[in-house]
Structures are given as C-alpha cells and as structure tokens.
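The values are calculated or read from the model by the stated rules, or taken from the named source; none is laboratory data. Please read these numbers as outputs of a predicted model, since none were measured by experiment. Neighbour counts are summed over all protein chains in view; Cβ atoms, including those assigned to glycine, are modelled from backbone coordinates with ideal geometry. What goes into the accessible areas is simple: the full protein's heavy atoms, side chains included, and nothing from ligands, DNA or RNA. Shrake-Rupley method; radii C 1.70, N 1.55, O 1.52, S 1.80 Å.
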Amino acid sequence: MSAAEIALDPLLPWPVLAVLGALCLAAIGFALWRRAPGAWGRAAVFVTILAILAGPNLRVEERRPEQDVAVLLIDRSSSMTVGRRAEQAAEAVAAIEAAAARLPNLEIRTITAAPAADEDRSGTRLMQPLADAFAGVPRDRRAGAVLVTDGRVHDAPSDPEEAAARLAPILAGAPLHALVVGEEDEADRRIRIVSAPPFALVGDVAEITFVVEDSPIVPVGRTARIQLMIDGVVSDDIEAWPGRETMISAPIDAAGSHAIELAVDPGPREVSLANNKALARVTGVRDRLRVLMVSGQPHAGERVWRNLLKSDPAVDLVHFTILRPPDKTDFTSTRELALIPFPIQELFERKLNEFDLIIFDRYPRRDLIPPSYLANIVEHVRKGGALLEAADVSFAKAETSLAETAIGAALPALPTGRVLEAAFRPALTAYGRRHPVTQPLAGPAAETWGRWRRQIEATTSTGDVLLNGLDERPLLALARFGEGRVAQILSDQIWLWARGHEGGGPHGELLRRLAHWLMKEPELEEIRLKARIQGDRLEIERLTVQEDAAAVVTVQLPDGTTAEVSLANVEDGRAVGATDAPSLGLYRATEGPRAALVLKGDPSGPEAQDIRADSSPLIPSLEASGGGARALFDGVPDLRMARPDRAMHGRGWIGFRENRAYTVASARAANLPPEWLSLLLVAAALLWAWTRERR
C-alpha cells in the first residue's frame, strides 16, 4: 500500500525564516501603503523565495498494515467449575475465536488465567494476567479484550476513576468486555464456622458456632437442617435459622485430632453444593492420664518408669511397690511391713475404671491381689482399658507367673518356663519396621543400640511382635483384647538403655509411643488414611503394617459426586494415589471404616463467599473502557470491528477498536517544485515586478 504526503524540510532554521518573513511582510506593507508601482510583483518574489526556502517536498511511503491485537482471557478459578460454567466458557471461547478469524486484520490471543496459589485468600485475579497479555504489544495495535468469567473478579477496581486510571496503560483506550457464564437467577446457600476451639478435653464437648447464609435471603420462617459428623460418623442433627449464629456441641470421646464436619441441606435453586459443608479440626486432649503401676520388689528399672511417667505433668501416677520378697518368711505382719496400707479393694474394685492404663512392672503372682480382682482387670481391659506388662524371671515360673492367672487370657505372649541369660541387641522385626509405634525408630541408629542381657522366653498366640531379642525370640508384643489393648515387654533390662549402657537406646521414645498406642492415639493406628491438597490435586496416602498397602479409595467431591482412586504401593506399608481437585470445598476419602477429610480453600475467603455468577464487580472497569457485559445464557454475542470514535458494544454484539496501524517498509522524497522550476518562478516574479515598476 502506497501513501503520499507533502512535507517541509526548510533550508534555513525556522526562526530565521520567521524573521525573513516578517521583514518581507513589512516591506510589502510599506510598499502597498505608499502605493508604489510593482508592490505586488515584489510580494510575489518574496513569497516565492520564502516558499523555496521552506523546502517543500513530496514523500511517498510504502506502508505494510499491522494486525490489531485482541486478548481473550479465560478465567480458570475454582468457581468456574460450578455447574455448566466450564462447558459454557469452552463454547464461548470457540465462538469468539471463530468470529475473530473472520474479521480482517485482527489477531486474537487466547490466554488462560490459572488460579493463584493463595486463591482461597486473595480470590480471582484477572487484572495482572490481562496486563501481562498486552505486554510487548504496541499501544496503537491494541484492539481490546474479552473476559470469559463468572464475574467474581476480586482484583477489579470498584471505583470508576480508579478503574480508568488502572486500565489506561493496559488497554490504551481499547474496550474491555465480559462474557459471564452461569445460569439465570442463581441462588446459593453456604455454611460457615464462626468459631471452633482447637482443643477439647476427652470426655467433654467442643462448642462450635456456625452460621448458614443464603444468597438471596430466603423468606423468614424457613429453617435449615444441619448434620454434625465427627470423623465421618453422624453425631447430631439440628435445625438452624439462616442468618443467625448457632452453637452445636461435638462430643470428644478420644485423644488425637478429630474432623468436625457440618453439612447443611441444599437451599432453593442451589448453584453449587461445594460450600454446603464446613470442616473444623479439634484435638482431643486428656485432662489427666491416670496410670496405676504395681511393681515387684525394688529394682534398677523401676526408676526408669517413674522418671518417664512423672516427667509428664498430664500423667497422674499411682504407684505401689511390693517391698517384701516372696522368699522372706517371718512372723512380721504385712500391715507393719508396708509403708502405707495397700488399698486393694479401693484400686481394683471401686476405682478401677478411673484408670486409663495399668502397668505391672516385674510383678510376681502372690496373694496380695486376689484372683477375683485380677479378673476385674481383665474385664476392664476388655471394655476398653489398657494393660502393660513388663516381665521378669517371675513371669517364667509357673508358681509366680501372671500368665497363670486370669491376666493370661489378655496377654499376647505366654512363657515357656525358660529364662535366657545372654547378651543380645534388640532388633526391629519386619512388622515392627512398619508399625507406627516403632517405625520412627528404624534406621541406621538401630544397629548401634546397646545390648540387653536377660530375656523371658515366650511364644505368641494372638499378638504382633515388634521387637525380637535373643535368637529372634519375641521381646515386645502388642495385642488387642476386646475393646482394649495390651502390650508386653519380655525383659526387665530396658533400664540399661536409660543408663547409656553401650550407647543406650531410645527407651523414652519407645515407652512414650507405646503408651500412646495403648491410649488409642489415632496417629498410631495400624492402618491410617491421610489426604492433602496440592494445587489442584488431592493426594491420598495409606499407611499400613501390611506389606501390600494397595487399595481402592472412594473420594467424595464437594459437589457430592464420588470417584474411585486406586492407591499403588511405593514401599512396604505405604501406598499413594491422587485425583483432580479443581473446586473449593470439602473432600472426603474413605476406605472401609477409615476416612480422611481435607478442605480446599478458606471457607471465609472471597472465593467462597458467594459463588453466584454476577458481573457487577466488573461494571466500573467495563464502563471506564467503553466495553460491556453479556450473559452467556442469552447466547454468544456477535463480534465486530469499530472505529475509535464509535460505540464498542450494542444489542447482541461487542466490538474491538479498528486502529489501522501500519509500519513503513520504504519511503522516497522529491523536492517541490524541482530546482529548475524554482529558478524559473523566481525569475518570472522578478520580471513581473520590473515591468510593473517601469510603468
């Protein structure tokens, strides 16, 4: 395309030409005032000379048209996954791209605005991706932009003046339009936890305050049904008034972290169920762990137990030591030998159920505790109590072994009658390397543990062995008994680790984790299911004491749909899997009776406040740029090119600015008039002036 124009290239600086022009004008004016002959001839000479000095020339350019650039920005925030929004957005993008391809001299750039890492707190942000899309595009080629969004844009300016100032350097006067996905007359109900305690005492309740919010507000008189679930098990069902803060009590029956889930029934015309659930984490803590420990005659390991239990302020220890050895016979009464009377009936009948853990430390069977009271202990464990037995040589003898009493029915290992006296290093079994009680102890350090020198030989029937001793015989065994749990240490030599013998060993960590397992801490269960959100993925981990941890887990998404996720083994006792988690809300992974809950996003953040489609947050920006908003449930509008001085949107259409930008490929210039013609004109003007003056 060629274009021609006349330009001036003065032979003298413009100020000099201005002075000469003024002098010529004065001279011509004086001549005309005096009515001098030839005045008009002189004027013609002066004008001709000044015109030549101004250097007029003809410039001819070869111009190459440049395409206008428009941006199609697609919102990929979590709220865009609601309902048919993603499908509507895809259809609109395809239609706009097809329409733009038919427009002459227009380049359309399709950009996807991925969710920010902190989307749940910062909300949907499209202004910066819009600025990045136009970076490097000359201002005279920017034709406009179209946002395909649900309208919930949280970084759009709410003030028109601020919007104009912010968009001016981005759009350079081009229009900004919005195509809003969603359905007509959408409504949404959500539940929000106002307050929840991080901790609660075991046996007490956690008071949780919540509020149900309806958008738009439902008529007065309609209540909403709320379901309370604790660790996936329904606990309560109440009615609540939308818009009012309500309190509900969640009973905490066990120590450890508990998932408190509140679910509200759908409201009228729900756009999404993603925010109809709320999750709180409450950790159950024991006020006081009541421990009853009965020791045999004093020995070196007794102080290890006392130091461990007394060092924890949350442990309430009741400890009795049998001072009189079994082979001591004289006529001194038992009452006179005891420092305090042994309250057998008080401990083992009236207040037995008040103790969380009962420990027999090197305790031989004798007449101090009647068989009926030992049977009471067994029944206490069967109903959910905990028992720990640390054996010594008396356990191997039939006449003094607790295995020969009612206690034997609860023990995981029974003695053979032999006491093994030899140095050995406790070693983790293959099962123990996977069990949560001893798994953290595995590693190179286990090869350097100090040796023990006595072990009670026993055989296991129902128990699981975590540690082996001499000749791979059971050293530490665990078992479930009814609703309770039992642990058994088949040696009285753990005190060697506490004294640092041959480098010692992890006695404190082992005994603490053993006590926590007996207290049914969830983190020490043999099969555990964990879940976490990583970006837009839900990662699931299954930990088990079995070698094969592979399983199929059912995942419930925030919208109520479910998906099956296969977990594959990655190492002994651990399997992992993942699935897409695009939307905000509560995800529940279940496998049998086990469940793992994880909440994506902040339920109080802007992205979850109101997920109805609404273009009002964008109106100041659209009006400041001359653009408009169109709801896609009315159909995709037509696309046009419009001159800068025309409207950029109308009924059923949106427009891009037609800039007609170009670049100059080549240019040439020629003097106007040519030099020979300039001389001829000056000579003609002088001749005319001379002939007029002769008259």
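Key figures
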| quantity | calculated |
| --- | --- |
| Filtered residues of the range 616-628 (kept if closer than 18 Å to VAL181 by Cβ and open to solvent by less than 30 Å² (accessible area, probe 1.4 Å)) | LEU618, SER621, LEU622, GLY627, GLY628 |
| In the range 421-452, the residues that are open to solvent by 40 Å² or more (accessible area, probe 1.4 Å) and not in a loop (DSSP other than H, G, I, E, B) | ALA427, GLN439, PRO440, PRO444, ALA445, GLU447, THR448 |
| Selection from the range 221-239 of residues that are part of a loop (DSSP other than H, G, I, E, B) and over 20 Å from ALA259 (Cα atoms) | GLY221, ARG222, THR223 |
| Test for ALA145: is it surrounded by 15 or more Cβ atoms within 10 Å (Cβ to Cβ), touching a strand residue (DSSP E or B) at 6+ places or on another chain (Cβ under 6 Å) and among the hydrophobic types (A, V, I, L, M, F, W, C) | yes |
| Subset of the range 60-86 that is of a type in the set (Val, Ile, Thr) and at pLDDT below 85 - its residue that is farthest from VAL271 (Cα to Cα) | VAL60 |
| Selection count where residues are assigned to a strand (DSSP E or B) and under 15 Å from GLY232 (Cβ atoms), scope the range 521-578 | 11 |
| Among (1) open to solvent by 20 Å² or more (accessible area, probe 1.4 Å); (2) within 42 Å of the chain's Cα centre (by Cα); (3) closer than 30 Å to GLU379 by Cβ - the single one GLY417 does not satisfy | (2) |
| Total residues in the range 455-483, condition of a type in the set (Asp, Glu), open to solvent by 30 Å² or more (accessible area, probe 1.4 Å) and either touching a Leu at 6+ places or on another chain (Cβ under 7 Å) or assigned to a strand (DSSP E or B) (or both) | 1 |
| Residue under evaluation ILE540, criteria (1) β-branched (Val, Ile, Thr); (2) under 17 Å from the mean Cα position of the chain (by Cα); (3) more than 26 Å from ILE252 (Cα to Cα), criterion not met | (3) |
| Residue check, ARG109 at pLDDT 75 or above, open to solvent by 60 Å² or more (accessible area, probe 1.4 Å) and under 30 Å from ALA581 (Cα atoms) | yes |
| Inter-residue pairs, beta-carbon under 6 Å, first among the aliphatic types (A, V, I, L, M) and in the range 461-472, second open to solvent by 30 Å² or more (accessible area, probe 1.4 Å), 6+ apart | LEU470/ALA422 |
| Set PRO266, PRO298, PRO242: member being out of contact with any Lys or Arg (no Cβ under 6 Å at 6 or more places or on another chain), buried (at least 17 other Cβ atoms within 10 Å of the Cβ) and part of a loop (DSSP other than H, G, I, E, B) | PRO242 |
| Residue among ARG630, ARG588 that alone is assigned to a strand (DSSP E or B), over 29 Å from ILE230 (Cβ atoms) and either out of contact with any Ser or Thr (no Cβ under 7 Å at 6 or more places or on another chain) or without any contact (Cβ under 8 Å) to a residue 60 or more places away in the chain (or both) | ARG630 |
| Qualifying residue in the range 361-376 (condition: closer than 24 Å to LYS520 by Cα, crowded, with 22+ Cβ neighbours inside 10 Å, out of contact with any Gly (no Cβ under 9 Å at 6 or more places or on another chain) and not aromatic (Phe, Trp, Tyr)) | no |
| In the range 510-560, residue farthest from THR438 (Cα to Cα) [restricted to those that are open to solvent by 70 Å² or more (accessible area, probe 1.4 Å) and modelled with pLDDT of 85 or more] | ARG537 |
| Qualifying positions in the range 269-292 - in contact with a His (Cβ under 6 Å, 6 or more places away or on another chain) and open to solvent by 40 Å² or more (accessible area, probe 1.4 Å) | none |
| Count - residues of the range 181-220 that are under 30 Å from ALA629 (Cα atoms), open to solvent by less than 50 Å² (accessible area, probe 1.4 Å), part of a loop (DSSP other than H, G, I, E, B) and not aliphatic (A, V, I, L, M) | 2 |
| Residues being under 25 Å from ASP392 (Cβ atoms), free of Cβ contacts under 8 Å to residues at least 60 places away in the same chain and in contact with a strand residue (DSSP E or B) (Cβ under 7 Å, 6 or more places away or on another chain) - total across the range 416-450 | 10 |
| Residue check for ALA168: without any contact (Cβ under 8 Å) to a residue 12 or more places away in the chain and assigned to a helix (DSSP H, G or I) | yes |
